[in-house]
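The values are calculated or read from the model by the stated rules, or taken from the named source; none is laboratory data. Quantities reported herein were computed from a predicted structural model and do not represent experimental measurements. Reconstructed Cβ throughout: ideal geometry from the backbone, glycine too, with neighbour counts over all protein chains shown.
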């Protein structure tokens, strides 16, 4: 089930008050709040001439379909299970790889991510 109307309004308020020009921070916002809500916040900021989230950076993230969540990561838990991982290690490694992708330390491509995962094996 999706977020309640009240929660979406609260999230929109938080986003409309957010000021950042940092690419990584914008990716975090997109991952946490979603592309649609960030877009609404940008429209709100523009309507009221509020300095906020850099619209050009956000637009570029959307156009380039950047990876901002585990759903868009080029590997998933099944790939790590195939490497012999199980349990909490899978989530920990996926979260770490997502962080590296968002910081542009590693490409969001299966080969690079699997190599990164292997380096993190316990």
* Can you name the residue in region 74-91 that is under 18 Å from the mean Cα position of the chain (by Cα) and in contact (Cβ under 8 Å) with a residue 24 or more places away in the chain and is also surrounded by the fewest Cβ atoms within 10 Å (Cβ to Cβ) among such residues? -> 74
* Structure fact -> Taking region 63-73 and keeping residues surrounded by 14 or more Cβ atoms within 10 Å (Cβ to Cβ) and farther than 14 Å from residue 95 by Cα leaves 66
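For the condition modelled with pLDDT of 95 or more, within 16 Å of residue 25 (Cα to Cα) and over 13 Å from the mean Cα position of the chain (by Cα), what is the one hit in 109, 56, 99? Don't jump to the end; show me each part of the working.
On the way: 109 fails: within 16 Å of residue 25 (Cα to Cα); 99 fails: over 13 Å from the mean Cα position of the chain (by Cα).
After applying the criteria, what remains is 56.
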* To do: State the number of residues belonging to region 105-122 that are free of Cβ contacts under 8 Å to residues at least 40 places away in the same chain and part of a loop (DSSP other than H, G, I, E, B).
  => 7
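Any idea how many residues of region 54-63 are without any contact (Cβ under 8 Å) to a residue 24 or more places away in the chain and not in a helix (DSSP H, G or I)?
Residues that pass the stated criteria total 0.
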* To do: Select from region 64-96 the residues that are outside any helix (DSSP H, G or I), farther than 24 Å from residue 26 by Cβ and out of contact with any helix residue (DSSP H, G or I) (no Cβ under 8 Å at 6 or more places or on another chain) and list them in ascending order.
  => 84, 86, 87
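Restricting to region 23-53, give me the number of residues that are free of Cβ contacts under 8 Å to residues at least 12 places away in the same chain, surrounded by fewer than 15 Cβ atoms within 10 Å (Cβ to Cβ) and more than 8 Å from the chain's Cα centre (by Cα). I'd like the intermediate steps shown before the answer.
Start the filter on region 23-53 by keeping residues that are free of Cβ contacts under 8 Å to residues at least 12 places away in the same chain, which leaves 25, 32, 34, 36, 43, 46-49.
Okay, now just the ones that are also surrounded by fewer than 15 Cβ atoms within 10 Å (Cβ to Cβ), so 32, 36, 43, 46-49.
If we keep only those that are more than 8 Å from the chain's Cα centre (by Cα) as well, we get 36, 43, 46-49.
Count: 6.
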* To do: Name every residue in region 11-31 that is closer than 10 Å to residue 102 by Cβ and outside any helix (DSSP H, G or I), in order of residue number.
  => none
* Spot the failing condition for residue 6; the list is (1) farther than 25 Å from residue 122 by Cβ; (2) under 16 Å from the mean Cα position of the chain (by Cα); (3) without any contact (Cβ under 8 Å) to a residue 24 or more places away in the chain; (4) exposed (fewer than 14 other Cβ atoms within 10 Å of the Cβ), and only one is missed. => (2)
